[in-house]
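Data block below; observations after.
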Amino acid sequence: MDSTYIFLQHYWWFLVSLLGALLVFLLFVQGGNSLLFRLGRTEDERTMLVNSTGRKWEFTFTTLVTFGGAFFASFPLFYSTSFGGAYWLWMIILFTFVLQAVSYEFQSKLGNLLGKRTYQYFLVLNGLVGPVLLGVAVATFFNGSEFLVSKGNLTDELMPVISLWANGWHGLDALAHPTNLLLGFAVFFLSRLLGTLYFINNIRSESLVQRCRRQLVVDGIPFLLLFLAFVAHVLLKDGFAVQPETGEIAMEPFKYFNNLIAMPYLLVLFLMGVVGVLFGLGKSIFCKTYTRGIWFAGVGTVLTVLALLLTVGYNHTAYYPSTADLQSSLTLSNSCSSLFTLQTMAYVSVLVPFVLAYIVYAWRAIDRKPITEEEIKRDEHLY
């Protein structure tokens, strides 16, 4: 295979993985929403919490859509297989995010028939369901899903569909896998930790911030236990290896552990990320005046998730395994777009740093002043 083609496959898997890592960090919006009634004891406090995450929800939603779009453009067979086959899982995820957008925009509108409290419950629902299901979806990259791929089906006039789901659950079957749920709930508690750290950084209310610091302990313990259990499972399990000469898929003992050893830069990236999360969490718990934990934990989250996603795609590994038919598993080479498409998109991707620079600028402009009760009472443009 052309070396340029191989490079572009790996380049686009890196970009998709980076978007996925950023999405997990931005789930602090959902995590914060799930704590709306636990942290907010009064209506003013809940208004501060909603407006804190409300100024960032569009970043999360846009990243989710971009993540799906990048998969569609660079690895279309994954897009058609997962989004088209496991559609119940992805539709529920998308529904909760749309529900979140509607809730932010309509909860404080005049003539709101459902009432403000109803939309706040919708935000909590998004915070509870969204992170868990996204974590479960990502876990299928390691544990596999039940689907069949046959490119010969394109000649079938009655049903020219390449990939078919092998059961009638269409993605909901992922919820029956215990280790999928391990990562799902780990992401859920991580999102709550990140949301709490963001509140500490973004809100100036002594009683509310004290409550946030106590909540870090409550969510930190189950997160660490669940995350360590999932990582141990991944490192010790058999993985889905690709034979580079033939393209055949075979099970390999300790495949993901071997990947980290074969690519030590990913191991360093992973460890740096874990240390960043632990530092941001620990200092925010024990130093009562520290407010910048979100940045260490946020960067650590991005590095950790990026390392895990690169581990599951690089070094001749099937990144979306099929448990129904091993040879239907998706790899970088058998699921990617054409060389022309990947090259064209690579030129477009040069604009990505400029987009990221704009996001950083907009973020800093929005967060220039912390949220206070006085500002909430004066502001006419509240969520």
Percentage, to the nearest whole number, of Cα pairs in region 245-301 over 17 Å apart: 56 percent
Which order, highest average first, do 365-377, 195-207, 25-37, 282-294 follow once you tally other Cβ atoms within 10 Å for each residue and take the mean per peptide? 25-37, 195-207, 282-294, 365-377
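Antiparallel DSSP bridges in the chain: what percent, to the nearest 5?
Values: 9 of 11 bridges.
Here the antiparallel bridges make up roughly 80 percent for the chain.
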Residue separation between Asp44 and Ala101 times 0.36 nm, minus their alpha-carbon distance, gives in nm 18.4 nm
Relative to the longest principal Cα axis of the chain, at what angle does helix 293-313 sit, 0 to 90 degrees, rounded to 10? 10 degrees
Set Lys116/Lys377; Lys151/Lys255; Lys56/Lys109; Lys116/Lys288 screened for pairs whose C-alpha atoms are more than 25 Å apart: Lys151/Lys255; Lys116/Lys288
Honestly region 188-239 on the Cα gyration tensor test (a ≥ b ≥ c root eigenvalues; a/c under 1.5 rounded, otherwise a/b vs b/c for prolate or oblate) is just prolate
With Cα atoms, 0 to 90° folded angle of helix 206-236 axis to the chain main axis: 10 degrees
Taking the chain as the region of interest, what is the percent of Cα-Cα pairs per 20 angstrom bin, listed from the shortest bin to the one with the maximum distance? 28, 56, 16, 0
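What does the helix-only formula give at 222 nm for the chain: each DSSP H stretch with n ≥ 4 adding -39500 (n - 2.57), the total divided by the residues, and the result rounded to the nearest 500 deg cm²/dmol? If you can, show how the numbers build up before the last one.
Values: 15 runs with 252 residues, N = 383.
The helix-only estimate for the chain comes to -22000 deg cm²/dmol at 222 nm.
Coordinate-derived values only; no laboratory data. Please read these numbers as outputs of a predicted model, since none were measured by experiment. Reconstructed Cβ throughout: ideal geometry from the backbone, glycine too, with neighbour counts over all protein chains shown.
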